[in-house]
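One structure is given here, and the rest of the page talks about it.
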Amino acid sequence: MLSTALDALPVGMPVEDADREVIRVNERLYELFDVEGNPETAAGRDCEEFAAELSAVFADPEGFLGRIEAIVEAQRPVDGERLALSSGEALILTYRPIDLPGGDGHLWAYRRARSSERVD
């Protein structure tokens, strides 16, 4: 049921465990970041390597990676953070620390910013 719900969402969502390994991603994530791959091959990947691959679309790839690390360290929810893309567009990031049967985890959501959208 979780897989069906994740696949139906209009946002790109990676879910990772406490060891920073990918548990699940949806197809929309690949579409947003315009990278090759599919959800089936993502499971078990190292999240830091995966994030480094995805960072190429950002105006500041190193800044994106640093921000992800800071969010994971803080373990506090993030709502509506605007991330500039090299194309001039932006993605909106939402993050939640989550409890998993094997420990803590991380739930990320990315969506395209609307041109009229203002995020503080």
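The numbers here are math on the coordinates, done by the rules we state, and not lab data. This structure is a prediction, so every number in the text was calculated from the model and none was measured.
Numbers below:
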{"quantity": "Added length on full extension, which subtracts the Cα-Cα distance from 0.36 nm per residue, Glu48 to Ser86", "calculated": "11.6 nm"}
{"quantity": "Length released on extending from Arg112 to Asp19, taking residue separation times 0.36 nm less the Cα-Cα span", "calculated": "30.7 nm"}
{"quantity": "P(r), alpha carbons of region 2-112 - 10 Å bins starting at zero, rounded %", "calculated": "14, 52, 31, 2"}
{"quantity": "Interchain or long-range residues, amide H under 5 Å from Asn26's placed H", "calculated": "Met13"}
{"quantity": "Two-decimal ratio, region 39-95, of alpha-carbon radius of gyration to 2.2 N^0.38 Å", "calculated": "1.16"}
{"quantity": "Rounded if a/c under 1.5, otherwise prolate or oblate - region 1-52, Cα gyration tensor axes", "calculated": "oblate"}
{"quantity": "Residue-span extension gain [Glu69 to Thr4] - 0.36 nm each, minus C-alpha spacing", "calculated": "20.5 nm"}
